[in-house]
Amino acid sequence: MASISQSQLRSFKAALKEAKKPVALAGAGLSAASGIPTFRGAGGLWREHDALSLATPEAFSMDPSKVWQFYHYRRETCLRASPNSAHRCLAKLLSPSQRSKYLPSSGSLHLITQNVDGLSARAGTEIGEDHVTSGGILEMHGSLFRTVCTSCNDVRPNFESPISEGLRGTEDPSLEYRETPLEGLPRCENLTRWSRSIQPCRGLLRPGVVWFGESIPALDEIYEILEGCDLIMVLGTSSTVYPAAGFAGQVKMNGGRVAVFNLECGPQDRIHADWLFQGAVEELLPLALGIETQ
Ligand code: BJW
Ligand code: ZN
């Protein structure tokens, strides 16, 4: 059972009470208790591949079948998963009607998540809120449940299971890899004018996520949010991927305070943290915030 010292708990709760512009920054560790593998360390493998080697535009153009099978597997895993107590805590903090109990001095909380699993949004939906549309949640690395057409750039939500007939069954990691032909991969349904007729575009879709070397669409908005932030909670991220890895340092430099929740705190965390809550975020966050999540 996780524990926090009484003095840490007291000072963190006082900071929460005073915080005017709190921010939560989430990483893969937030969803680990929901059964979603993290990227680094144990769990960061899909078949024999390092998950990160598949999260690049180069991997997709070289082998779209392999990359789509990886994302299809992850979509199916997330569709079967449920939000955990840490997601539920954040949903309460984001809720306009419940926030004032925990963050009495602040008009809003922003959750900047690097996760693409949609679980934070689903925790909000469970309590009747749409935190993504209201701007409370920023999915800075995109979403597994969005597609982008590589021909016409059409972007749209997609929760289909399976996402294409050609990928059906390939999510089972115990099966040997068999290439899915290009025409069996997800294709664009956007209606497009072709000379005199209107037909679906049929271009190859890609997952609506941000890969290495690609820009973060919401970055300007994020920097504006961080500008005035006086308390950032850094939840389950290895703080190795930029720009997110620099956010806590930026808040600190502007005079804000940093609370880190992680199973294993890294060197970045030790430099910036005013509070280091070492342990499972799904246990420590409800404890630190005094939120009942069952
Ligand atoms: C628990 C737990 C429990 C477990 N409780 N804790 C500056 C310097 C150097 C390089 C760069 C730089 N600026 C940009 C770059 C390049 C690059 C980069 O950062 N490279 C680094 C590797 C050095 N960044 C980019 O390319 C970004 N784009 C960009 O900046 O554009 C402009 C630009 C481009 C090029 C050069 C310069 C500027 C885009 C980054 C996109 C990242 N994409 C991915 C894949 C998304 C799609 C997908 O999901 O497939 O995002 S990579 C992957 O890493 C994913 C994650 O969101 C991200 C972060 O991982 P995270 O969440 O931290 O997970 P883990 O697994 O690393 O850590 C889990 C943690 O949880 C651990 O600490 C555990 O201990 C903990 N934990 N269980 C609490 N129960
Ligand atoms: Zn298209």
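Relative contact order (percent) for the chain, with alpha-carbon contacts under 8 angstrom and 6 or more residues of separation?
Contact order relative to length: 24 percent.
Karplus couplings for region 25-34 from phi (6.51 cos²θ - 1.76 cosθ + 1.60, θ = phi - 60°), rounded to Hz, Gly and Pro as x?
10, 10, x, 4, x, 4, 9, 4, 5, 8
Taking the mean number of other Cβ atoms within 10 Å as a proxy for protection, how do you rank 6-19, 241-254 from highest to lowest?
241-254, 6-19
What is the ratio of the Cα radius of gyration of region 31-71 to 2.2 N^0.38 Å, where N is its residue count, to two decimals?
Output field value: 1.21.
LYS17: which lysines have alpha carbons under 19 Å from its alpha carbon, excluding same-chain residues fewer than 8 sequence positions away?
LYS92, LYS101, LYS252
Taking K and R as +1 and D and E as -1, what net charge do the other residues with C-beta under 9 Å from the C-beta of GLU171 add up to?
Net local charge, GLU171 excluded: +1.
Given contacts defined as C-alpha pairs under 8 Å and at least six residues apart, what's the relative contact order of region 122-206, whole-number percent?
RCO, region 122-206: 25 percent.
Taking the Cβ of each residue in LYS66, LYS20 as the centre, tally the other Cβ atoms inside 10 Å and list the residues starting with the fewest.
By the 10 Å Cβ count, ascending, the order reads LYS20, LYS66.
Taking θ as phi - 60°, what are the ³J(HN,Hα) couplings along region 111-117 by the Karplus curve (6.51, -1.76, 1.60), each to the nearest whole Hz, with x for Gly and Pro?
Along region 111-117, the couplings run 9, 9, 10, 8, 7, 10, 8 Hz.
Between THR56 and SER82, what is the label-point separation in nm under the 7 Å Cα-to-beta-carbon projection?
3.9
Let's test the formula: R0 of 51 Å, r as the Cβ-Cβ distance of LYS252 and GLN199. What FRET efficiency results, to the nearest 0.05?
Once the sixth-power term is evaluated, E becomes 0.40.
In region 135-168, whose amide N lies under 18 Å from the spot 7 Å out along Cα-to-Cβ of GLU189? List them in ranges.
Counting backbone N atoms under 18 Å from the label point, the list is 144-168.
For TYR242 and ASP130, FRET efficiency with R0 = 30 Å and r from the beta-carbon atoms, rounded to 0.05?
Using R0 = 30 Å, I get an efficiency of 0.50.
In what order do TRP68, TRP275 fall by count of nearby beta-carbon atoms within 10 Å, going from fewest to most?
TRP275, TRP68
Starting from the amide H of ASN190, placed 1.01 Å from N in the peptide plane, find each other amide H under 5 Å away whose residue is 5 or more places distant or on another chain.
Those lying under 5 Å, H to H, from ASN190 are CYS201, ARG202.
Calculate, in nm to one decimal, what ALA42 and SER161 gain on full extension: separation in residues at 0.36 nm each, minus their alpha carbon distance.
Net length gain for the segment: 40.1 nm.
Using the scaling law 2.2 N^0.38 Å as the reference, what is the normalised Cα Rg of region 28-118?
That ratio works out to 1.37.
Going by Cα centres, region 235-294 and region 36-50 are how many Å apart?
22
For TRP46, which sequence-distant residues (separation of 5 or more, or a different chain) have an amide H within less than 5 Å of its own amide H, given hydrogens modelled in the peptide plane?
Close amide H contacts, sequence-distant or interchain: ALA51.
Read-outs throughout are calculated quantities, based only on the coordinates presented, and are distinct from any laboratory measurement. Remember, it's a predicted structure, so these values are computed and weren't measured experimentally. A quick note on method: Cβ atoms are made from the backbone with ideal geometry, for glycine too, and the neighbour counts reach across all protein chains shown.
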